[in-house]
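Only one structure is covered here, and it is reproduced in the block below.
Just so you know, all these numbers are worked out from the coordinates, no wet-lab data involved. Just so we're clear, the structure is a prediction, and the values are computed from it rather than from any experiment. As a convention, Cβ positions derive from the backbone with ideal geometry for all residues, glycine included, and neighbour counts pool all protein chains shown.
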Amino acid sequence: MSAIRRIIHSRLFVIWGITLVTIVICLAVVLLLISHSKQTITQDAPPELPWQANPTDMLPDPKQVNLFILESDGLELTPIRVELRLYEDTTERIKQIISALVDETPTNYRNPIPRGTILNEVYIDTQKTAYLDFSHHLSDGQIGGTTAELLTVSAILKTVFDAMPEEIKHIQILIDGEEVETLAGHLNISQPMRF
Amino acid sequence: MWLNTFNSFPLFLFIIIFVSVTHGFAQGETVRFVDGEGEILDEVEFILHENVVYLPFNTIKSVFDSEMTHSYYTPLKQLTINTKGKVIKVEMGKSSVIIDSSRQTETLTNPPRFIQGQPMLPIIFFQMVLPKLDDVTVIYKPELQRIRILKKSNLDSGVSDTNRTWTIIIDPGHGGEDDLGCKSQNGIFEKDIVLKVAKEMQMQCKNLGFAVQLTRDQDVKKSREQRFQYANRHQGQLYISLHCNASFSQNHKGIRLYLNNPYGMLRFRTAPIPIFGKKSLNIRTQANFLNQSKDFASVLQKELNFLSEDSIVLSEFPIITLNDVYMPAVLVELGYLSNTDDVARLSNPEHITELAQAVVHAIQLYSSKVDQSTKTNKDSEEDSSNINER
């Protein structure tokens with residue numbers, strides 16, 4: 001009997017052992033998967049930061065920024081809030097914000113910035129005027145009409161002024177490095193402007 | 001007792017719903033009367049009888065003549081109205097209207113009727129009879145249920161008392177193969193609509209004695225500078241640029257007016273130059289005419305409000321379309337080609353005529369206002385010089 005009991009005990013020991021090992025393996029697999037997925041999120045979450053240009057920069061904390069776009073059935077530009085890891089440098093910050101504005105079109109929203117538009121460069125003068133040099137898509141992609149033109153210009157101006165009320169006081173839009181009189185033939189944008 | 005209450009509850013509920021619904025319908029159905037200035041004279045509830053709008057006879061009192069009197073002779077079902085020194089007799093169920101003093105008879109397409117315990121007049125009565133009683137034009141807009149009573153004496157003939165002929169420059173936007181303007185989903189181009197409206201305006205203006213110049217009278221491309229030069233060379237007194245609008249939202253609709261103001265809702269950085277300052281040069285720019293442009297735009301706004309469901313929006317922005325014309329100037333966006341309702345309206349020749357008519361009325365009202373003030377100034381100058389001579 002004692003031999004049988006020993007066998008049973010040793011079997012129970014083996015079963016419990018196998019169970020414990022399985023649990024440990026499962027936990028390890030789950031933890032591995034979680035850590036892997038976290039790595040993926042952290043790789044995708046922040047916008048492409050120019051690390052090479054600023055190798056000494058620390059990863060900035062995310063900040064909330066309002067991007068002004070149009071609801072599909074709306075009549076006015078409305079702000080949608082996004083989180084961006086913004087740089088301290090004003091020029092870089094404008095580039096990040098405008099890039100987010102150009103790319104952002106959630107469901108049920110219309111972006112008044114024509115598709116394909118790229119912000120080539122940003123220049124800021126001593127009078128706190130930002131010169132935003134866009135690609136020709138900004139004017140070529142206009143659908144015509146004073147309202148559409150106003151919405152495009154207002155979306156850019158409102159987004160930048162809202163994010164940097166102290167740093168930027170006026171904005172002039174350039175196309176491919178040149179001053180332009182208008183985007184679609186109605187609104188005069190030949191000078192720096194504000195609301 | 002409780003059982004009875006429960007039994008009668010559905011009936012009670014039905015009565016409440018029926019009364020509220022019918023009451024709601026009655027309240028919503030009104031005709032709005034507006035005067036020549038676009039001010040509301042009265043909102044009158046109407047009754048729809050066999051698809052004809054009928055109004056109470058005493059509407060005449062609230063919208064046309066506050067001193068109107070009437071009598072109703074029941075056996076003959078005859079209504080007699082005394083207004084503006086004339087006696088009008090109508091019989092219920094009969095289409096003829098007798099204007100007594102002149103023995104003139106008008107035949108209406110729909111007869112007056114006795115409805116809901118009172119004599120009611122069909123809408124055509126107001127359109128046909130009121131102009132026979134006074135110096136007025138009556139315009140009815142059935143889709144908006146609006147009637148406008150416009151005094152003819154307010155409208156200038158184009159040649160003023162000061163013997164000045166008004167020259168109106170109409171600028172149909174875009175044109176040619178390269179510059180189509182905006183386009184509707186069903187393939188209507190802005191350049192074609194604005195040219196139609198411009199030509200209609202030209203015809204109506206010429207009939208009234210105004211001199212009219214179009215910056216383009218066919219489908220050709222004209223640069224901004226060419227348009228400005230043309231307008232300035234012809235020394236117009238008004239510049240009206242016609243365009244169609246478009247938006248990223250399909251819900252944007254209606255007519256919009258814009259004035260060129262570099263310090264409007266969007267402001268240029270450069271400080272305004274004191275154009276009329278004593279030490280500065282008297283440079284001619286659009287900014288010199290901003291106040292006159294505002295005056296004309298507000299007259300135009302009231303005229304166009306009559307055609308529009310919602311109030312017409314007037315905005316001031318740096319508008320390049322009006323930048324270098326040296327006269328009062330307004331940009332009229334006739335409707336949105338991105339909105340299906342507006343496209344349907346702009347495709348309707350009747351609406352094109354109405355639009356042109358509204359703008360031409362505004363020109364008449366504005367020009368007579370300006371001429372009147374010029375004449376008054378001239379008279380007061382003459383009076384003061386006469387006093388000095390004495």
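Annotations for the structure displayed:
- Euclidean distance between Cα centres, the stretch A:110-152 to the stretch B:175-239, Å: 29 Å
- At an R0 of 60 angstrom, the distance between the Cβ atoms of A:Asn120 and A:Thr19 translates into a FRET efficiency of 0.40.
- Largest to smallest principal axis extent of the C-alpha atoms in the stretch A:58-192, angstrom: 44, 37, 23
- Within the shell defined by Cβ-Cβ distances under 9 Å, the residues around B:Thr80 carry a net charge of 0, with Lys and Arg each +1 and Asp and Glu each -1.
- P(r) tail, the stretch B:120-244: Cα-Cα pairs separated by more than 24 Å, 48% of all pairs.
- Taking a sphere under 9 Å around the Cβ of B:Gly38 and counting the other residues whose Cβ falls inside, with K and R at +1 and D and E at -1, yields a net charge of -2.
- Across the stretch B:294-310, rounded Karplus estimates of 3J(HN,Hα) from the backbone phi angles (6.51 cos²θ - 1.76 cosθ + 1.60, θ = phi - 60°) give 5, 4, 5, 4, 6, 5, 5, 4, 5, 4, 6, 4, 5, 8, 10, 5, 9 Hz, Gly and Pro being marked x.
- Projected label distance in nm at B:Ile98 and B:Lys221, using a 7 Å step from Cα toward the beta-carbon: 7.0 nm
- For B:Glu39, A:Glu71, order by how many other beta-carbon atoms lie within 10 Å, fewest first: B:Glu39, A:Glu71
- Note on A:Asp140 and B:Ser66: the model spin-label points, each 7 Å out from Cα along the C-beta direction, lie 6.5 nm apart.
- Each residue of the stretch A:140-152 is assigned a 3J(HN,Hα), and the resulting list reads 5, x, 5, 8, x, x, 5, 4, 4, 5, 5, 5, 4 Hz, derived from the Karplus form 6.51 cos²θ - 1.76 cosθ + 1.60 (θ = phi - 60°), x at Gly and Pro.
- Taking 0.36 nm per residue of separation and subtracting the Cα-Cα distance, full extension of the segment from B:Glu39 to B:Asp341 would add 106.1 nm.
- Cα convex hull, the stretch B:300-344: 102 Å³ per residue, rounded to a whole number.
- The trypsin sites (Lys or Arg not before Pro) found in the stretch B:180-247 that occupy coil by DSSP, while having at most 15 further C-beta atoms within 10 Å, are B:Lys221.
- With both labels modelled 7 Å from their Cα along Cα-to-Cβ, the A:Thr78 to B:Asp135 distance reads 5.3 nm.
- Diffusion of the stretch B:222-262 by Stokes-Einstein, at 37 °C in a medium of 0.692 mPa s and with Rh set to the Kirkwood radius over alpha-carbon pairs, works out to 254 µm²/s.
- Positive contributions from Lys and Arg (+1) and negative ones from Asp and Glu (-1), summed over other residues with Cβ under 14 Å from the Cβ of B:Pro131, come out at +2.
- The overall shape of the stretch B:43-137 is rounded: from the C-alpha gyration tensor, with semi-axes ordered a ≥ b ≥ c, the ratio a/c is less than 1.5.
- Reciprocal of mean inverse Cα separation for the stretch B:60-115 (Kirkwood radius, Å): 11.7 Å
- Per-residue Cβ neighbour rank within 10 angstrom, fewest leading, A:Trp16, B:Trp166: A:Trp16, B:Trp166
- Residue mean of other protein chain beta carbons inside 10 Å, B:248-255: 6
- If you take the alpha carbon atoms of the stretch A:77-121 and fit the smallest convex hull around them, that volume is 87 Å³ per residue.
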